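The values are calculated or read from the model by the stated rules, or taken from the named source; none is laboratory data. As the structure is a computational prediction, the values presented were derived from the model and not from experiment. Cβ atoms come from the backbone with ideal geometry, glycine included; neighbour counts cover every protein chain shown. The protein model used for the area step is the full one, side chains on, heavy atoms only, and it has no ligands, DNA or RNA in it. Shrake-Rupley method; radii C 1.70, N 1.55, O 1.52, S 1.80 Å.
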Amino acid sequence: MDQARPSLKSAEMALTGPADHPMLDMPFHVEIAGRQYMGRGISLVRAGISGLIDPQSAGTERLALVVFRFRGFVVALSIEVRMQEVDAARGTAMLEFLDPLGDHLPQLRHLMNAHIAGDLVTLGDVLSISPPAGARPKTGQPQARRRWLRGLGGTAALLVLAAGLAGLVAVKVVQRVFTVTLATPAVAGLDGRTLAATATGQIDFLNPEAKQGEVAFAIRSNTGQALSVTMPCDCRVQLLGVEAGSTVFAGDPVLRVSDPDAGVVVTGSVPPDRLLDLAQAGSIELGFAGGREVTARLAPDGLGTAAPGEPVPFRLIPTEPLAEELVGQLAEVTLRRSLPGALQPLAAVINRSIPDAEADQP
């Protein structure tokens, strides 16, 4: 019943890999960035493909979906690979698995071992489960029923496995495409205004207890001038890492003043290439030390100004009040884009079944 498949030698790709990882000629195909390629041999550490291959893809790292087609169902494995031995003229390439011991290994090893043992036979470009030896002669109805039940159980197990793998792929897609974690953490502090240095020089006078209209600090500039800044209100004052005698540059923060009933906010800076992610985030999550997590939103005037190419300051308002004991603590900022309507049911299932899915830092 087996049908002959094109030999790998016809594509000038030998069925060999590293010494202890021979490649098998079994039917499969690979999907990378929406494009499909025909499989030309696979081992536990790499796979050969053919098709329309971009010559500029050599050495790039991609997420590949390796698909084995069976009669009536498929098994798909998500594997991170590196494009190697790219021959655009012949349309061939070799995919090296970046993590051969990843989550895909048990399923891939099972399929390869079954193919070697003859349990999986090739039918054109699909695979079929081989009937057990001696089962071809006709037998009684009870034995045929038992074989049917065993086959049904095996099919159900593979379907469950395929569904689980599809769920893992969906989690990967949601995390990589719709979730961004900022590389620089933010810091919690009292909501208010920042009094910054008006010139480059040395702090000559510092009085955080000053009342409204009194001098809060004075700077002896490099030109010898004495420049003073008055306290704008009778408010709470937080020193921002300076003291009398400290050297400051124009624009450096010196004091942060807040109303007596001011709440705790979170401030930080975002690189220009992530500014749109922050502005379009459907939800913002803050993770503090100790495992505490809260949600937040961007303040209406929460984006500051910065020179071209420099990080842009932002201010986040937590959706629930934070204790003042968190002032000064760092928080990891995770941005989540709103999912399209068609993916909303999938996201709900993922959040219920895999609440702690691993995070992928682009």
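Label-to-label distance, D261 versus R292, with points set 7 angstrom from Cα along the beta-carbon direction: 2.2 nm. What a 1.4 Å probe finds exposed on segment 21-107 is 49% carbon and sulfur by accessible area, rounded to a whole percent. For segment 20-86, the per residue solvent-accessible surface stands at 44 Å², with DNA, RNA and ligands left out and a 1.4 Å probe.
Determine the per residue accessible area of segment 238-322 with all protein chains present and a 1.4 angstrom probe, expressed in square angstrom. Provide the component values of the computation, followed by the final result.
On the way: 4600 Å² over 85 residues.
Heavy-atom accessible area per residue stands at 54 Å².
Estimated from the Cβ-Cβ distance and a Förster radius of 41 angstrom, the FRET efficiency linking I129 and R337 is about 0.45.
With the full set of protein chains in place, find how many percent of the accessible area of segment 198-331 is carbon and sulfur; take the probe as 1.4 Å. In segment 198-331, the share of accessible area belonging to carbon and sulfur is 50 percent.
If each residue of separation counts as 0.36 nm, what is the full-extension length gain between V215 and W148 once their alpha-carbon separation is subtracted? Walk me through the numbers on the way to the answer.
Numbers: separation 67, 0.36 × 67 = 24.12 nm, distance 9.00 nm.
The V215-W148 span can extend by a further 15.1 nm.
Just to check, using Stokes-Einstein with a Kirkwood Rh over alpha carbon pairs, what's the diffusion coefficient of segment 172-323 at 37 °C and 0.692 mPa s in µm²/s? For these conditions, the coefficient is 189 µm²/s.
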